[in-house]
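Structure, as structure tokens:
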Amino acid sequence: MRLVLDWLDDRTGYRRLVRAALVEAIPGGAKWRYVWGSTLTFAVAVQFITGLALWASYSANAQGAWESVFYIQNDMAGGWLLRGIHHYMAHATMILLVLHLMQIVVAGAYRAPREVNFWFGLALLFIVLGLSLTGYLLPWDQQGYWATKVATSIASITPFIGPALQEALIGGADYGHLTLTRFFALHAGVLPGALIALIAGHVFLFRRHGVTTGERPAGARAGGNPDGQFWPDQALRDAVACLAVMAAVLYLVIRTGGAPLGAPADASEPYAAARPEWYFMFLFQWLTYFPAETEILGAIVIPGLVVTLIALMPFAGRWRLGHRFNLGFTGTILAGVGLLTWLAYAQDRADPEFVAAQHRAEAAAERIVELARGPDGIPPSGALTLLRNDPLTQGPQLFADRCASCHSYDGHDGLGNELAEAQTAADLKGFASREWLTGLLDPEQIATPRYFGGTDFARGRMVRMVQSRIAGFDAAQRDDLAKVVKALSAEAALPQQAALDEADRDEIAEGAALLASESIGCTECHEWRGAFEQDLGPVLTGFGSREWLTGFIGDASHPRFYGDSNDRMPAFGPDEILSEAEIGLLVGWLRGEW
Amino acid sequence: MSEKPQAADAPHVVEEGSSGTAPAPRRGFLAGMGAIAAGGLAFLAPVWSGIRAALEPLERPRQDADLVPVAKLAAVPDDGVPHKFRVVMDRVDAWNTHRQLPVGAVYLRRAGDSVEALNVVCPHAGCFVNVAADRSRFVCPCHKSSFDLSGAVNDPASPSPRDMDTLDVEIRGDEVWVRFQNFLPGRAEKEPVA
């Protein structure tokens, strides 16, 4: 063995290299407070390792990015852990960087001869910010998409080159394939390359200058601590600190189940919960204070000045009070950043519309996982097609857009918002279910806004019939009515009632017969299995079924339904207010088919 | 091994500056300049083509936005409130041509037989502007820009530098056609992107 190593050293001189790397005198001995630089290097190494592994499964294109991240997160063995480590280590890197910077400023380590190394450190900070900004878009979910739009919009107000910069960055006029390929090239190639080069320079300069002890004037030998060596004293402390960082990151990954993944990006779908990562939130909040054309002050000029002042700290530090000024300045900036961050989160928490948007985003994120795990999986056209054809996702939005000006759904507009205008037509939650029909035929309820209260039918025959005839029913008739409700509701064949319908087959058959009987008398006005006296109200055969509801939403004025007595229900089908597909999605949602 | 045997402890290191003597200053200067020129030239093609590829989006010919059908006139309620409609059109995304892809959305507001169209994108920083829950105004969920229902900025503290972007509308028969365009954010004047 020794012979082999001797030979290797003879040909390569590796021992000298190892000695150079490990033997470094540390004045005053190894210390815990020297560990921060090493933990940062460690964090970067973790990002390289996990990043390369993620790269091996990631696809940078508009129909594949979200899908490949979904695959990593949900299907790949250990993928959630890998992605979680990459995600939370990015957060840890930000924290470690700020700690490192604070330590440098407090110790005055930016002063001669370390000016250049201080600038290297600042440049590293910006590269890390660039890495997190570009990385945020790569999963191509709604959150990353809309938050990054804000960032590239800000890039476009850069003086002179703004629009060109934005276009080159996103690869055209609009987000698409090239936005992802470019952001990925930046995230996995350009920025990491620059990072390695700067870290190499940073460490080289650090070794040239040695640690900043901060405690003793240069040249003086104070205290009893003898000089230590990097290996093994400081290395042990560094390794333990790295382990602690990793443990913290793992704790977060396991506690949260890994990095979040929202619904896939969609330019045509509003996303009111767009926010950047927490370490950019102060900037996000900051921009709300700059009205109209002063945006450039908030987005570019003031941040630029602050950074310039930080970069000039080494020179400011030469004045008699310079170091104190730098300390105060850094402290003020950090306090301001902290305050803005706190304000941003506090305002969001207090804003019901934001909270609702966040809940919708979470629901969409959960829903897309269900859909992607469905029998058909994710089609090559991307996961977005799943959401666009999903009744549970589209139904509430269509309802809010097109129906909620008259109808309500469980008292709200379908999306959970309060109704903007007073409800004038029926509440459609559970339409055609036993519960819904029982309420319809209840003398106390039929004339309330939940049913016909807001319509012309409030004074119509149906309401009068329920309020006079049914109100006078005896116990036996009420039992019969309950069977009729079951029979009518069974016509809808609602998926949620399938088991009940199956169990109550006999009662349903009885109810079906009673429907046309004299004592109940539905067929006096409605058609039921071909029988009717007068064809006044909607046909009851197939009531609430997919076919019936599709026809009804299509055109309630059709003779099958309300005919001429239709109140204000638009002809959504013939007038093409809703497409066939949209009506299908609404019907599917109202019937609980998903 | 055909290698010449060496003394066991003689390291195989070529000492810096041990070979040759310094060239005459004039010749050295010319050689140095030559090395820089030749080396630079060698890198010229790859660097130039790399930069060109990076800036390629700027060279791509601008496409005029055409009017596209967005909704039936009957689908736009005459209630004075803007309603959101998806814009579905053909879209070339680098190497893919999508037929009838939802590429964005517009707000349509009807006034009798005429219709106003607004791009949903906030002129401040590109977020998707919402109609407030009480339908009294537009509000951007990002930096809280506020607009009245015609899209005009209605609050002096609003971060948006201009009103929401109006789009050309034509009523063709019973259909509403809109020239779907995006505009550069963050400036007072409305400049189309691409």
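The values are calculated or read from the model by the stated rules, or taken from the named source; none is laboratory data. Since we're looking at a predicted model, the values are computed, not measured. Virtual Cβ from ideal backbone geometry, glycine too; neighbours counted across all protein chains shown. Heads up: the accessible areas ignore ligands, DNA and RNA and are worked out on the full protein's heavy atoms, side chains in. Shrake-Rupley method; radii C 1.70, N 1.55, O 1.52, S 1.80 Å.
Quick notes
- A single entry from A:Asp427, A:Asp401 fulfils the requirement of being open to solvent by less than 40 Å² (accessible area, probe 1.4 Å) and in contact with a strand residue (DSSP E or B) (Cβ under 8 Å, 6 or more places away or on another chain): A:Asp427.
- Taken as a whole, the condition of being within 14 Å of chain B (Cβ to nearest Cβ), open to solvent by 40 Å² or more (accessible area, probe 1.4 Å), more than 30 Å from A:Phe290 (Cβ to Cβ) and touching a residue at least 40 places away in the same chain (Cβ under 8 Å) applies to A:Ser381.
- Top-ranked residue of the range A:558-574 - restricted to ones that are small (Gly, Ala, Ser) and part of a loop (DSSP other than H, G, I, E, B), ranked as surrounded by the most Cβ atoms within 10 Å (Cβ to Cβ): A:Gly573
- Restricting attention to the range B:69-78, the residues being within 7 Å of chain A (Cβ to nearest Cβ) and either crowded, with 20+ Cβ neighbours inside 10 Å or more than 21 Å from B:Gly173 (Cα to Cα) (or both) number 1.
- Among the residues of the range B:86-112, those that are more than 8 Å from every other protein chain (Cβ to nearest Cβ), touching a residue at least 40 places away in the same chain (Cβ under 8 Å) and in contact with an Asp or Glu (Cβ under 9 Å, 6 or more places away or on another chain) comprise B:Met89, B:Tyr107, B:Leu108, B:Arg109.
- Against the conditions (1) at the interface with another protein chain (Cβ under 9 Å from one of its Cβ atoms); (2) of a type in the set (D, E, K, R); (3) touching a Lys or Arg at 6+ places or on another chain (Cβ under 7 Å); (4) open to solvent by less than 60 Å² (accessible area, probe 1.4 Å), B:Asp174 satisfies every one except (4).
- For A:Ile157, the conditions (1) assigned to a helix (DSSP H, G or I); (2) facing chain B (nearest Cβ under 10 Å); (3) open to solvent by less than 40 Å² (accessible area, probe 1.4 Å) are fulfilled apart from (1).
- Annotation note: Cβ proximity below 7 Å between a residue of the range A:283-300 that is closer than 18 Å to B:Val153 by Cβ and within 7 Å of chain B (Cβ to nearest Cβ) and a residue that is open to solvent by 50 Å² or more (accessible area, probe 1.4 Å) and assigned to a helix (DSSP H, G or I) (sequence gap 6+ or interchain) occurs for A:Phe290/A:Leu297.
- In this structure, A:Trp32 does satisfy being modelled with pLDDT under 90 and among the aromatic types (Phe, Trp, Tyr).
- A:Val150 meets the conditions (1) more than 8 Å from chain B (Cβ to nearest Cβ); (2) not in a loop (DSSP other than H, G, I, E, B) in every case but one. The failed one is (1).
- Of all residues in the range A:575-592 being within 30 Å of the chain's Cα centre (by Cα) and surrounded by fewer than 16 Cβ atoms within 10 Å (Cβ to Cβ), the one that is nearest to the other protein chains (Cβ to nearest Cβ): A:Ser579
- The set of residues in the range A:575-594 being in a helix (DSSP H, G or I) and not small (Gly, Ala, Ser) consists of A:Glu580, A:Glu582, A:Ile583, A:Leu585, A:Leu586, A:Val587, A:Trp589, A:Leu590.
- Only one entry of A:Val203, A:Val105, A:Val190 meets the criterion of being among the hydrophobic types (A, V, I, L, M, F, W, C) and within 27 Å of A:Ala62 (Cα to Cα), and that entry is A:Val190.
- Listed by position, the strands (runs of 3 or more DSSP E) inside the range B:57-155 whose residues that are under 20 Å from B:Glu189 (Cβ atoms) number at least 3 are B:114-119.
- Qualifying residue in the range A:111-119 (condition: open to solvent by less than 10 Å² (accessible area, probe 1.4 Å) and within 21 Å of A:Leu191 (Cβ to Cβ)): no
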